[in-house]
Amino acid sequence: MRGFGNKLLRGLQIAFGIFLGFPVLIILLPTWYLYRWTEIRAGRPAPVTPWHYLQTLLQSRKAAYSLQMDGRELGGTFTDDFATNPDPEPAKPENQTENPGRPQQTPLLQATCGEKNGLDTAMQCEGVALVTGGGKRLGATLCQELARLGFAVAVVYHHSEPAARRLAKDLRSQGGQAEALAVDLANPARILSLLHDVERGLGPVRLLVNNAGVFAPTRTVDGSWEAMDALFKSNLQGPLWLSLKAAENMRRHGGGLIINMADLWGERPLAGHAAYCASKAGLIMATQVLARDLAPQVRVNAIAPGGILPPDSPTDAAPFQTLLQHTPLAHHANPDAVLRAVRYLLAAPFVTGEILHVDGGRRLV
């Protein structure tokens, strides 16, 4: 009789849940799909489904439970902290002194690919690299180099979808791992969903290259607030938010590296480009502040290129030639100079907060 009563109570609970939940689903599901349709029709990325976060939570709980079960089978115990962050603290060398005021630095990545890539030094080149503005120009070159080094590459684009998808397809045909994903750096929700998409498709991000940016003049007469706001979001606010959120994931997976593509004009004034210079100056300062805030698990550096690639627009060709004429090393400007800087930062585990100038000495003139 008692068993029958429990079953009856359970049945009533289920019926009550269906009675309350069914009308809610009838209203919310069509509303959700209408919202998704309007976002896609407006040319924006499709929003993350509401049940994606529930699925992520269930998977994390399942992984933590599995880890605890494995520990019991081995006769050990696991704390909740270890269950949520399964990377154990590495053993300290015998000659290492204790510093209670600051956590000990641990290696970010242990992969050695020097022999495979013909390099003289061990390099951190394993895991997932996320490159914004990766569909064309310098971003595409960076994606190709990182794939060659052994990274799985997230080719992130905003407007250059065909080029980004072709690049990802080419990298896969060469034996690498790559996916092309869209992001609007002015949309914080999409930045979060981008990181979820990358982790689901390729794995957790270990290297973030904030390469995307907008180069536009600031009109001193009849300029618009909207244009200036869009420039700051693309060049500063979006990369900063992406760095913060990516760093949260990096810390959970053992650390990582962030490289911001700054600019010579973030440290020197360029006439007619007040907003652009201010946004790049802000990115340089953000690099240095994040290097302190995210240490020791995450290193943050910036590369400040000068005249590396000629502009796509013919109207900008003359100013680019003028830039080279005022550059001490004007005889050569090549993307390989930036690639060498990236390889250096990958192989320099004791460098953080650095602004690496790759400008041919232009800042000196």
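The values are calculated or read from the model by the stated rules, or taken from the named source; none is laboratory data. Because the structure is predicted, anything quoted here is derived from the model rather than measured. Quick reminder, even Gly has a Cβ in these numbers, built from the backbone with ideal geometry, and neighbours come from all protein chains shown. Side chains are part of the model used for accessible areas, which takes the heavy atoms of the whole protein and leaves out ligands, DNA and RNA. Shrake-Rupley method; radii C 1.70, N 1.55, O 1.52, S 1.80 Å.
Annotation note: of Arg206, Arg172, Arg190, the sole residue that is open to solvent by less than 60 Å² (accessible area, probe 1.4 Å), under 23 Å from Ser160 (Cβ atoms) and basic (Lys, Arg) is Arg190.
The set of residues in region 125-142 being over 16 Å from Gly213 (Cβ atoms) and surrounded by 23 or more Cβ atoms within 10 Å (Cβ to Cβ) consists of Cys125, Val128, Ala129. Going through (1) farther than 14 Å from Gly133 by Cα; (2) surrounded by fewer than 21 Cβ atoms within 10 Å (Cβ to Cβ); (3) in contact with an Asp or Glu (Cβ under 9 Å, 6 or more places away or on another chain) one by one, Pro217 falls short only on (3).
Pairs linking a residue in region 147-161 that is at pLDDT 95 or above to a residue that is in a strand (DSSP E or B) and aromatic (Phe, Trp, Tyr), with Cβ atoms under 7 Å and 6 or more positions apart or on different chains, do not occur. Only one of the numbered conditions (1) under 13 Å from the mean Cα position of the chain (by Cα); (2) in a helix (DSSP H, G or I); (3) buried (at least 19 other Cβ atoms within 10 Å of the Cβ) is not met by Ile259, and that is (2). When Leu270, Leu240 are screened for being aliphatic (A, V, I, L, M), touching a residue at least 40 places away in the same chain (Cβ under 8 Å) and either open to solvent by 20 Å² or more (accessible area, probe 1.4 Å) or not in a loop (DSSP other than H, G, I, E, B) (or both), only Leu240 passes.
Yes/no matrix, rows are residues, columns are (1) at pLDDT below 75; (2) open to solvent by 90 Å² or more (accessible area, probe 1.4 Å); (3) of a type in the set (Val, Ile, Thr):
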{"position": "Arg2", "(1), (2), (3)": "yes, yes, no"}
{"position": "Gly11", "(1), (2), (3)": "yes, no, no"}
{"position": "Phe16", "(1), (2), (3)": "yes, yes, no"}
{"position": "Val24", "(1), (2), (3)": "yes, no, yes"}
{"position": "Pro30", "(1), (2), (3)": "no, no, no"}
{"position": "Pro45", "(1), (2), (3)": "yes, no, no"}
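For region 157-181, filtering for residues that are over 16 Å from Val128 (Cβ atoms) and touching a Lys or Arg at 6+ places or on another chain (Cβ under 6 Å) leaves 2.
Looking only at region 151-162, which residues are surrounded by fewer than 24 Cβ atoms within 10 Å (Cβ to Cβ) and either in a helix (DSSP H, G or I) or under 17 Å from the mean Cα position of the chain (by Cα) (or both)?
The answer is Ala152, His158, Glu161, Pro162.
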